[in-house]
Amino acid sequence: MKFTLCAPALFGLEGIVADELRFHGGLTDVTAENGRVLFRGDEHTLAWANLHLRCAERVLLRLAAFPADTFDALFEGTRAIAWEDFLPVDAAFPVKGHSLDSVLHSVPDCQKIIKKAIASRLSDQYGQSWFDETGVKLQVQFSIMHDRAEIFLDTSGPGLHKRGYRANANAAPLRETLAAAMVKLARWRGREPLYDPFCGSGTIAIEAALLAQKRAPGLLRTFDSEKWPFLSPDVWRTLREEALNMIDAQPVPIFAGDIDPACAALAQENARKAGVAATVSVEVRDALTMDFSSLAGTLLANPPYGERLLDQEAARALYRQYGAAAGRSSLKQYVLTSDTEFERCFGFAADKKRKLYNGMLRCDLYMYFKDAAARRALSDGKNTPPYKSKGFVNDTKNGVNRRNRKK
C-alpha cells in the first residue's frame with residue numbers, strides 16, 4: 001500500500017529533512033514546505049523514516065485533505081476516510097490537532113466533530129454503536145489552516161527528538177533534532193576532531209557521534225506504529241537488523257566539556273546510554289581558558305543566549321572573551337544563539353548565517369569556515385570585562401582545554 005507521509009520539522013530544517021529522504025532514503029517524490037516535508041512511500045518507507053530521520057520531529061501518515069469551512073464539511077470529509085482499513089474494532093483513537101486562520105477555530109469542537117465522524121463510519125462498518133477503545137492506540141491528528149483540513153495518523157508516538165538516551169537534561173537543553181542539523185550544516189563526518197566547549201547534557205557531541213558512526217537515531221526506542229495491525233512487524237524487524245549492521249563503531253575524535261561538573265557528568269552518562277561513550281570524551285573545562293590556537297577541526301557551540309541562562313549583559317561578556325580567545329583560531333566554528341549582537345561581541349563577521357528555531361525561539365547559526373586570517377574584525381565599542389562565575393575550572397590535561405558552563 002502506498003502512503004502519503006508528512007515529516008514536520010523545526011522551521012529552517014525542512015531542506016535538511018528533504019535531503020535525508022532523498023539521499024539516504026532513496027526517495028524521489030519529496031516536497032519541502034514551511035514546517036514540514038511531504039513524501040510518498042510504503043510501509044518500508046514509513047518505518048525507515050522513523051528509524052533514520054535525524055532532523056524531523058515525527059512521521060505522520062496523511063489520510064485526507066479537504067476544504068472545511070463548516071462543521072458539516074469537517075464531519076463529512078472525515079467520515080469519507082476508510083477508517084476500517086486502519087482501525088480495528090477495539091482500537092483507541094484519540095484526536096488532537098490545531099486550527100489557524102480558519103472559520104473553525106475552536107480546537108475542542110473540531111476534536112469532537114472528527115471523533116464523532118470516525119465513530120459513525122466505524123459503526124456502519126462494524127455494526128455496533130459503542131467502541132470501548134481498549135486495543136492498540138492510533139493517534140489521530142488534524143490540521144486546519146485557511147479553511148482546509150488535513151487528517152493524519154501519528155506513526156511515531158513521542159517526538160523523534162526523543163532518541164532514548166537523554167532521560168535527564170540540564171536547565172536549557174538543545175533539542176536533539178536541532179543538534180543533528182547543526183552537525184549536518186557543518187558538513188562534519190568524523191574525519192577531523194570536533195569540539196563542543198559548552199556541552200550541557202552532551203547533545204551536540206552525541207548526535208555527532210551517532211551520525212559519524214552511522215547509528216540510526218531511532219534504534220534505542222519504539223514507535224506507536226510498530227503495533228499497528230495493518231503494518232507488518234517483519235518490516236520493522238528487518239530494518240532494525242539492517243540498521244544494527246550499518247553501525248561503524250570505530251572511534252571518532254569528539255571532545256566535549258562544560259564548566260559545571262554536574263553537566264559534564266550528565267553528558268558522559270547520556271553518551272553511555274547512546275552507545276558512544278568510547279568515542280565522546282567529556283571533561284570539566286572552562287572554554288574561556290582553552291588554547292584554541294593549538295586546535296584544528298570543527299567547533300560546534302550552543303552557548304547561553306541571555307534568555308533562560310545568564311542575563312544578556314553576562315552572555316555578551318562571555319561572547320567577547322570567547323571571541324578574543326577563539327576568533328582567530330584555525331577551527332571552523334558554528335555557534336548557535338538568539339542574540340543578534342553576537343558577531344559584534346564575538347569580534348568577527350560570520351562567513352554565513354543560517355536562520356534556525358530552537359523551539360519557538362528565533363536563532364542564527366553563525367558559521368565561520370573560511371581561512372581565519374581573512375576574517376573581518378568587528379567591534380561593539382566596549383571593553384571586554386572578565387566573565388565571572390563561581391566554580392571555574394582551569395585544566396589543561398592532555399593538552400585539550402575545553403570551556404564549559406551550565407546551560
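The values are calculated or read from the model by the stated rules, or taken from the named source; none is laboratory data. Just so we're clear, the structure is a prediction, and the values are computed from it rather than from any experiment. Here the Cβ positions follow ideal geometry from the backbone for every residue, glycine too, while neighbour counts run over all protein chains shown. Surface accessibility is based on the protein's heavy atoms, side chains included, excluding ligands, DNA and RNA. Shrake-Rupley method; radii C 1.70, N 1.55, O 1.52, S 1.80 Å.
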- Over the stretch 217-243, the set of residues in contact with a Lys or Arg (Cβ under 7 Å, 6 or more places away or on another chain) and without any contact (Cβ under 8 Å) to a residue 60 or more places away in the chain is LEU220
- Condition set among the charged types (D, E, K, R) and assigned to a helix (DSSP H, G or I), scope the stretch 311-338, selection least open to solvent (accessible area, probe 1.4 Å): answer is ARG320
- Item | Search result, residues across the stretch 64-79 that are surrounded by fewer than 21 Cβ atoms within 10 Å (Cβ to Cβ), touching an Asp or Glu at 6+ places or on another chain (Cβ under 8 Å) and not in a helix (DSSP H, G or I) | ALA64, ALA65, PRO67, ASP69
- With respect to the numbered conditions (1) more than 24 Å from GLU43 (Cα to Cα); (2) touching a residue at least 12 places away in the same chain (Cβ under 8 Å); (3) surrounded by fewer than 16 Cβ atoms within 10 Å (Cβ to Cβ), which one is the sole condition not fulfilled by ASP124? (2)
- Conditions: (1) part of a loop (DSSP other than H, G, I, E, B); (2) open to solvent by 10 Å² or more (accessible area, probe 1.4 Å). SER201 meets all but one. Number of the miss? (2)
- Query: When you scan the stretch 80-101, how many residues do you find that are open to solvent by less than 20 Å² (accessible area, probe 1.4 Å) and assigned to a loop (DSSP other than H, G, I, E, B)?
  - Reply: 4
- Message: Restricting to the stretch 70-92, name every residue that is closer than 15 Å to PHE230 by Cα and among the aromatic types (Phe, Trp, Tyr).
- Response: TRP83, PHE86
- Quick check, is ARG221 under 21 Å from ARG187 (Cα atoms) and open to solvent by less than 50 Å² (accessible area, probe 1.4 Å)? no
- Message: If GLU343 meets every condition in (1) at pLDDT 65 or above; (2) out of contact with any Lys or Arg (no Cβ under 8 Å at 6 or more places or on another chain); (3) under 26 Å from ILE254 (Cβ atoms); (4) surrounded by 13 or more Cβ atoms within 10 Å (Cβ to Cβ) apart from one, which number is that one?
- Response: (3)
- Query: Failed condition for THR4, given (1) assigned to a strand (DSSP E or B); (2) within 30 Å of ALA212 (Cβ to Cβ); (3) touching a Lys or Arg at 6+ places or on another chain (Cβ under 6 Å), with all others met?
  - Reply: (2)
- So, of the residues in the stretch 175-198 that are in a loop (DSSP other than H, G, I, E, B) and open to solvent by 10 Å² or more (accessible area, probe 1.4 Å), which turns out to be nearest to PHE230 (Cα to Cα)? ARG175
- Pair list, Cβ < 6 Å and 6+ apart or interchain, from the stretch 360-376 residues that are farther than 22 Å from THR177 by Cα to residues that are exposed (fewer than 15 other Cβ atoms within 10 Å of the Cβ) and at pLDDT below 95: ALA372/SER330
- Task: For the stretch 339-369, enumerate the residues that are on the phi > 0 side of the Ramachandran plot and either within 15 Å of the chain's Cα centre (by Cα) or part of a helix (DSSP H, G or I) (or both).
- Result: GLY359
- Starting from residues that are of a type in the set (A, V, I, L, M, F, W, C) and open to solvent by less than 70 Å² (accessible area, probe 1.4 Å), keep the ones in the stretch 102-115 and report whichever is farthest from ASP154 (Cα to Cα). LEU104
- Query: Do you know which residues across the stretch 33-63 are surrounded by fewer than 24 Cβ atoms within 10 Å (Cβ to Cβ) and among the small types (Gly, Ala, Ser)?
  - Reply: GLY35, GLY41
- Query: When you go through (1) modelled with pLDDT of 95 or more; (2) closer than 22 Å to PRO229 by Cβ one by one for LEU38, which number turns out not to apply?
  - Reply: (2)
- the stretch 134-174, subset surrounded by fewer than 18 Cβ atoms within 10 Å (Cβ to Cβ) and within 26 Å of PRO229 (Cβ to Cβ), residue modelled with the lowest pLDDT: GLY164
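So that you can scan it fast, the table gives a plain yes or no per residue for (1) in contact (Cβ under 8 Å) with a residue 60 or more places away in the chain; (2) under 23 Å from LYS214 (Cα atoms); (3) outside any helix (DSSP H, G or I):
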| position | (1), (2), (3) |
| --- | --- |
| GLY15 | no, yes, no |
| ALA18 | no, yes, no |
| PHE23 | no, yes, no |
| THR31 | no, no, yes |
| LEU38 | no, no, yes |
| LEU51 | yes, yes, no |
| ARG54 | yes, yes, yes |
| ARG62 | yes, no, yes |
